[in-house]
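The values are calculated or read from the model by the stated rules, or taken from the named source; none is laboratory data. Just so we're clear, the structure is a prediction, and the values are computed from it rather than from any experiment. Here the Cβ is made from the backbone with ideal geometry for all residues, glycine too, and neighbour counts use every protein chain on show. The area values use the complete protein model at the heavy-atom level, side chains included, leaving out ligands, DNA and RNA. Shrake-Rupley method; radii C 1.70, N 1.55, O 1.52, S 1.80 Å.
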Amino acid sequence: MNKQDVLKLSSMPLQSPTYPVGPYKFFERQYMIINYRTDPAKIRAMLPEPLQPDGDMVSVQWLDLPDGEGFGAYSAVAQAIPCSFNGEKCTFLTQMYVDNCPPLAGGREIWGYPMKYGIAKLKTVGDTLTGELTYSGQTVANGTMVYKHSGPTDPAEIEALLKRTQVTLKLIPDIDGTPAIAQLVGINFADIVVKGAWTGRARVELIDSVNCPLADLPVLDHVGGLHLVTDMTLPYGRVLHDYLA
């Protein structure tokens, strides 16, 4: 295998790359986003500089992704903190949990998504949209939302929300354990098609867990929920800030 062949590979291992070359299209992508208020001091402690806090509200997001090009079908949970970077409003993803290897490996290696392995479930039970996250065999988060009580919401407004820059902290060690990459990465979804959007009452319960510490941003007051069904494309990101420069 020559140098050109090696450099054409999309990912490891060389016999069967874990994920192909992007960008990556998603179809029938479903969200349950539960917003709540938390301790502003704890938000500040979790935001890497030069990101700045934007209020005291954060969210836990359940995602059901049944059709992701190159990744297959999987589910995920993310914790997101509204913030700003050089005056631009954005969203910092502080934790993510997924149940499938290709998006977990690709998410970490390409964009710096803070992904670990966990079992997320998003489903409708009776009159309630429900979310559950299991980590190391224990339930660490439960979410519930009324099912399609108040929609659909304005698609243009939701599209603007989904286009908001996501920010991740990408940390990749070198072969000697020192940092090879230490960056804030910006990610913007493209080709967004909003197929449905509803708001309504929602609740989230976070359970203390040493290796899945969603509860480190405690729930002080519930704000509400957002239920979405979308198609979209995940393109490659860009470097916002290089800590090694």
Is it true that some residue in region 136-154 is without any contact (Cβ under 8 Å) to a residue 60 or more places away in the chain, exposed (fewer than 15 other Cβ atoms within 10 Å of the Cβ) and within 21 Å of Phe189 (Cβ to Cβ)? yes
Return a yes/no flag: does region 220-242 have any residue that is open to solvent by less than 30 Å² (accessible area, probe 1.4 Å), at pLDDT 95 or above and part of a loop (DSSP other than H, G, I, E, B). no
Determine whether Val194 is crowded, with 17+ Cβ neighbours inside 10 Å, touching an Asp or Glu at 6+ places or on another chain (Cβ under 8 Å) and at negative phi. yes
Failed item, numbered, when Ser10 is tested on (1) within 18 Å of Ile172 (Cβ to Cβ); (2) touching a residue at least 40 places away in the same chain (Cβ under 8 Å): (2)
For region 67-74, does any single residue satisfy the condition of being surrounded by fewer than 16 Cβ atoms within 10 Å (Cβ to Cβ) and either charged (D, E, K, R) or closer than 24 Å to Ala215 by Cβ (or both)? yes
Cross-chain or 6+ apart pairs with Cβ under 6 Å, region 33-53 first and assigned to a loop (DSSP other than H, G, I, E, B), then of a type in the set (Val, Ile, Thr) and surrounded by 12 or more Cβ atoms within 10 Å (Cβ to Cβ): Thr38/Val58
State yes or no: is Ser59 free of Cβ contacts under 8 Å to residues at least 60 places away in the same chain, small (Gly, Ala, Ser) and in a strand (DSSP E or B)? yes
(1) at pLDDT below 95; (2) over 18 Å from the mean Cα position of the chain (by Cα) all hold for Glu159 apart from (2)
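Taking region 11-43 on its own, how many of its residues are basic (Lys, Arg) and open to solvent by less than 80 Å² (accessible area, probe 1.4 Å)? Steps first, answer last, please.
We begin by selecting, within region 11-43, every residue basic (Lys, Arg); these are 25, 29, 37, 42.
Still in the running and open to solvent by less than 80 Å² (accessible area, probe 1.4 Å): 29.
Within region 11-43, residues that are basic (Lys, Arg) and open to solvent by less than 80 Å² (accessible area, probe 1.4 Å) number 1.
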